[in-house]
Each structure stands twice: as C-alpha cells, then as structure tokens.
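Just so it is clear, none of the values below were taken in a lab; they were calculated from the coordinates. It should be emphasised that the depicted structure is a prediction, and the values quoted were computed from it without experimental measurement. Cβ: placed from backbone, ideal geometry, glycine included. Neighbour counts: every protein chain shown.
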Amino acid sequence: MPRLHRPTSLAEAARLLSTLDNPMVYGGGTAIQILVKQGILFADNFVDLAGVPGLRDVSVDAGGVTVGPMVTVRRMETDPEVRQVVPLASAAYRQVANPRVRNTASVGGNIAHGDYRLDPPTALLVLGATVRATSVRGTRDIPIREFFVDFQVTALEPDELVSGIRIPAQPAGASRFEKNSSLGENDWPCASASVLVAAGRVQIGLGAVAPTPRYVTFDAAGLDDQGAVDAALAAIEPALDPIPDVRGGVAYKRRLARVTVEDAVRGAWKDLQDA
Ligand SMILES: Cc1cc2nc3c(=O)[nH]c(=O)nc-3n(C[C@H](O)[C@H](O)[C@H](O)COP(=O)(O)OP(=O)(O)OC[C@H]3O[C@@H](n4cnc5c(N)ncnc54)[C@H](O)[C@@H]3O)c2cc1C
C-alpha cells in the first residue's frame with residue numbers, strides 16, 4: 001500500500017523525494033488517480049504538495065507572471081491579472097478538459113505530467129516560459145523549450161519537483177489558441193495550436209501532433225493573411241509526427257493539425273488588422 005506524505009516546506013518535500021523509495025509528487029492528483037486505478041502507475045510513496053506554504057501564489061510584475069506549482073488550472077483561466085498579462089496562456093488553460101478537472105489540476109502537475117497532448121505548453125512555448133525545478137541540490141531554471149524531451153519524458157530529474165513557472169509578459173500583437181477534439185468538446189485535443197504574431201515574427205506552439213509539444217517560428221515581414229497561413233503550414237510540416245490512436249489516424253491528425261494552425265493564424269491576423 002503506498003504511503004502519503006504531507007511536507008510543510010519545500011525543503012522537506014525535496015528531502016522526501018531524495019530519500020524515500022519510489023516516490024512521486026502528488027499535485028492535484030487528477031492524472032495520478034486515473035493512472036493508479038488503471039494499474040499503469042505505481043509509487044510506494046506520494047509526496048503531497050498541498051500543505052507547502054506559498055505554492056499556490058501568483059505574482060504579477062511588469063515583466064510577467066510567476067506562478068506557484070499548486071496554482072489551479074482554473075485560476076490561470078479566471079485570474080484577471082493573468083488574463084491581462086499573458087492572455088494566450090490563460091486562453092490555453094481555459095480549454096483544459098472540463099471545469100471539474102480544471103478546479104483540481106495544478107499548473108505544476110500539468111507540465112510535469114509530460115503528456116504530448118497537453119494544451120497549456122503550446123502557449124508556454126510561444127511565450128518563452130521558464131520552469132523552476134527544486135531538489136536537495138538546489139534550484140535551477142529550465143527553459144520550457146528544453147523541458148519536453150521525449151514521449152512522456154521531461155527534463156526533470158527523478159528527485160526534482162516543479163517549484164514554479166515564470167511566464168514573460170505577452171508582447172503587443174495578436175494571439176489565438178485553437179483546439180480540436182474528435183471524441184467530444186471536453187476531450188483531450190487531437191490537435192491544438194497557440195499562435196502569437198508580435199515584433200515582426202509569428203510563433204506557433206503545437207500540441208497532440210507529435211510525441212512532444214512542438215515550437216516553430218518564422219519572420220512575418222511582408223506577409224498578408226494568406227501568406228502567413230502558407231508560411232505557417234510550411235513551417236509546421238517538419239514538426240508533425242502524430243501518434244495514431246482512438247482519436248484518429250496519422251493522416252487525419254496531420255490534416256487536423258493544418259486546419260487548426262490555419263484557423264489560429266487567420267484569427268490572429270484578423271485581430272491584428274482590426275486593432
Ligand atoms: C478526464 C481528463 C481530461 C483531460 N483533458 C486534458 C486536456 O484536454 N488538455 C490538457 O492539457 N490536459 C488534460 N488533462 C490533463 C490534466 O491537465 C492533468 O491531469 C493535470 O494537468 C495534471 O495535474 P495534476 O495537478 O492533477 O497532476 P497529478 O495528477 O498530481 O500529477 C501528474 C504527474 O505530474 C507529477 N507532478 C505533479 N505535480 C508536480 C510537481 N509540482 N513537480 C513535479 N512533478 C509533479 C506527478 O508526480 C505525476 O507524475 C485531462 C485530465 C483528465 C483527468
């Protein structure tokens with residue numbers, strides 16, 4: 001029977017992760033509960049972060065937003081300051097699963113989960129977020145663009161926990177998050193895309209279309225809306241490597257990725273022209 005540990009400080013949580021047998025961080029538990037019930041996931045010791053002070057804090061300054069790992073996905077969706085400073089990220093968090101999951105799931109658990117279909121990483125990649133990782137050896141910052149290493153593998157060491165996420169303020173321009181699911185509105189995406197058009201560049205984060213979330217960028221100079229769509233479709237092509245499953249085959253997912261990106265780019269371009 002696994003044991004549940006409830007540290008009251010970050011240092012204690014890090015120490016537990018480095019000393020216990022087969023430990024696992026317990027964030028919101030929304031993924032853990034399902035995977036344990038399915039017999040896919042095993043841990044001898046769960047280290048629950050719920051009682052560690054400060055991990056539910058959100059602080060906003062001129063440069064961006066610093067988010068504690070136990071902040072809920074729902075807070076990222078609804079917090080007025082988060083919505084104002086990083087609207088693209090807030091829009092992506094708003095599309096995670098359903099309100100019941102969003103009320104419980106944590107931002108730290110969301111990225112640490114490392115699932116290739118996650119929605120928020122698409123926006124975090126575009127905005128150039130940084131993941132703060134803590135262990136008994138100290139704290140280090142991992143650029144989000146280096147965080148997703150392989151299929152369900154992140155850059156976290158086994159004894160490291162996500163202790164924060166820093167999201168730089170979104171620059172002036174236009175952004176869109178688009179998501180398409182094939183089994184239902186609240187289901188995992190078959191393809192999702194965050195697009196930011198700012199400072200003469202188009203940046204695109206892709207979810208669910210490859211074994212890890214993907215990031216591409218290109219110069220926006222001289223492009224009209226159709227030119228931007230054409231350039232975006234050419235830019236994402238090498239990044240597409242869909243995994244066939246119950247939600248669709250490879251050809252379907254490639255097609256849906258292109259449709260999703262086209263919608264997001266056209267939407268952002270329209271917002272830019274209308275501004
Ligand atoms: C029905 C359902 C539908 C979903 N649909 C979507 C969707 O459409 N889009 C989407 O993006 N996501 C979706 N999700 C995933 C959901 O976002 C994740 O379950 C959630 O983000 C995980 O967060 P959690 O805090 O509950 O993590 P947990 O379940 O607590 O943990 C998940 C993993 O992360 C690790 N972990 C947790 N916190 C930390 C930390 N601070 N540091 C290091 N490791 C940590 C755990 O050890 C575990 O390996 C869905 C989930 C469910 C159950």
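Rounded to the nearest 20 debye, the dipole magnitude of the stretch 58-168 is 300 debye, with +1 charges on Lys and Arg beta carbons, -1 on Asp and Glu beta carbons, and the Cα centre as origin. The calculated FRET efficiency for the pair VAL259 and ASP219, based on their C-beta separation and a Förster distance of 30 Å, comes to about 0.80.
The overall shape of the stretch 120-275, judged from the alpha-carbon gyration tensor, is oblate: a/c is not under 1.5, and a/b is no greater than b/c. Semi-axes of the equivalent ellipsoid of the stretch 58-168 are 20, 16, 13 Å, computed as sqrt(5λ) over the eigenvalues of the C-alpha gyration tensor in descending order. Counting Lys and Arg as +1 and Asp and Glu as -1 over every other residue whose Cβ lies under 12 Å from the Cβ of LYS253, the net charge comes to +3. For the chain, pairs of C-alpha atoms spaced more than 23 angstrom apart make up 52 percent of the total. Look at the dipole of the stretch 58-168 built from charges on Cβ: of VAL107, SER135, ALA155, the Cα furthest out on the positive end belongs to VAL107. Calculated [222 nm] ellipticity per residue, helices only, for the chain: -10000 deg cm²/dmol; basis is -39500 (n - 2.57) per DSSP H run with n ≥ 4, divided by all residues, nearest 500. Neighbours of TRP269 by Cβ distance under 14 Å: Lys/Arg scored +1, Asp/Glu scored -1, total -4. Averaging the sequence gap over all C-alpha pairs within less than 8 Å and six or more residues apart, then dividing by the number of residues, gives the chain a relative contact order of 16 percent. In loop segments of the stretch 106-186 as defined by DSSP, the chymotrypsin sites (Phe, Trp or Tyr not before Pro) with at most 13 further C-beta atoms inside 10 Å of their C-beta are PHE151.
When only the Cβ of Lys, Arg, Asp and Glu is charged (+1, +1, -1, -1), the dipole of the chain relative to its Cα centre reaches about 460 debye.
Let a ≥ b ≥ c be the square roots of the eigenvalues of the Cα gyration tensor of the stretch 131-218; is it rounded (a/c under 1.5), or, if not, prolate (a/b larger than b/c) or oblate? It is oblate, given that a/c is not under 1.5 and a/b is not larger than b/c.
Ranking GLY51, VAL85, GLY249 by how far each Cα lies toward the positive end of the dipole of the chain (charges on Cβ) leaves GLY51 at the top. Measuring nothing but alpha carbons in the stretch 4-109 and taking Rh as the Kirkwood radius, the Rg to Rh ratio lands at 1.02.
Projecting the Cα atoms of ASN180, GLY205, ALA239 onto the charge dipole of the chain (Cβ charges, centred on the Cα centre) puts ASN180 farthest toward the positive pole.
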